[in-house]
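Report on the following structure.
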Amino acid sequence: MYKKLICLCLSLTCWTAQAHQPQLSSTLLAERGENQWVIQIRAALTAFEYEVEQHFGKDAYASPEAFQELVIQDVREHLTVQFNDNLPVSLENPIVKLGHETTLAFQIIGTPKEIQTLTVQNQSFDNISRNQSALIVVKEGFAKEQFVLNQQNNHRVQLKVEQSRFKLVNSRPNSI
């Protein structure tokens, strides 16, 4: 029991430390039901603040609500999700939860019933030196997969469906 408690504390400490590092973020793309997908981006509040200031200026917002609107606008401009090499999908119904670790989620509109390929590009934190984002893709019946979006791959991965898995098409390996 004592060992389990220590392991839990260590893992929470590592996770909490990562939540405050502006160069690290995560992007979760998840199927919530048949043909219903959401995408969630989690990063340090300071990362979102830095990007908003870079794109809109230091005095661009005067309230938390105005800041949230700028976060939504900025991410919409820097995030692309594309299924089956078709036009990018639409990001709708945004929800922003501000905190030391800030979360932004969108409902994805326009996903196909059958998926052969998936391309995700998230340049939302492009101005932050050495930034990396762990992309996690979750689909019913598929192995949960994690990929890295970073400067080496232009914050973009191309995936193909193969044997109920998403497999990397990019030629360069990634490491976090």
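Remark: residue 120 falls outside the filter, which requires a residue to be within 19 Å of residue 28 (Cα to Cα), open to solvent by less than 50 Å² (accessible area, probe 1.4 Å) and without any contact (Cβ under 8 Å) to a residue 40 or more places away in the chain.
Quick grid of which residues meet (1) in contact with a His (Cβ under 9 Å, 6 or more places away or on another chain); (2) among the aliphatic types (A, V, I, L, M); (3) within 15 Å of residue 149 (Cα to Cα); (4) in a strand (DSSP E or B):
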| residue | (1), (2), (3), (4) |
| --- | --- |
| 21 | no, no, no, no |
| 28 | no, yes, yes, yes |
| 37 | no, no, no, yes |
| 49 | no, no, no, no |
| 52 | no, yes, no, no |
| 58 | no, no, no, no |
| 62 | no, yes, no, no |
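If you filter the stretch 28-63 down to residues that are surrounded by fewer than 17 Cβ atoms within 10 Å (Cβ to Cβ) and of a type in the set (Lys, Arg), you find that the one that is farthest from residue 157 (Cα to Cα) is 58. For the stretch 85-96, state whether one or more residues are crowded, with 17+ Cβ neighbours inside 10 Å, out of contact with any Leu (no Cβ under 8 Å at 6 or more places or on another chain) and of a type outside the set (Asp, Glu). Yes, the conditions are met somewhere in the stretch 85-96. For the stretch 132-150, residues that are in a loop (DSSP other than H, G, I, E, B) and either on the phi > 0 side of the Ramachandran plot or open to solvent by less than 20 Å² (accessible area, probe 1.4 Å) (or both) total 1.
Quick check on the stretch 104-117. Is at least one of its residues touching a Gly at 6+ places or on another chain (Cβ under 9 Å), open to solvent by 40 Å² or more (accessible area, probe 1.4 Å) and farther than 29 Å from residue 46 by Cβ? No; the residues of the stretch 104-117 include none that is touching a Gly at 6+ places or on another chain (Cβ under 9 Å), open to solvent by 40 Å² or more (accessible area, probe 1.4 Å) and farther than 29 Å from residue 46 by Cβ. Can we say residue 68 is buried (at least 16 other Cβ atoms within 10 Å of the Cβ), at pLDDT 95 or above and polar (S, T, N, Q)? Yes; evaluated as a whole, the condition is true for this residue.
The values are calculated or read from the model by the stated rules, or taken from the named source; none is laboratory data. Predicted model, so just to flag it, every value in this text is computed and none were measured. A quick note on method: Cβ atoms are made from the backbone with ideal geometry, for glycine too, and the neighbour counts reach across all protein chains shown. Keep in mind that these areas ignore ligands, DNA and RNA; they rest on the heavy atoms of the full protein, side chains included. Shrake-Rupley method; radii C 1.70, N 1.55, O 1.52, S 1.80 Å.
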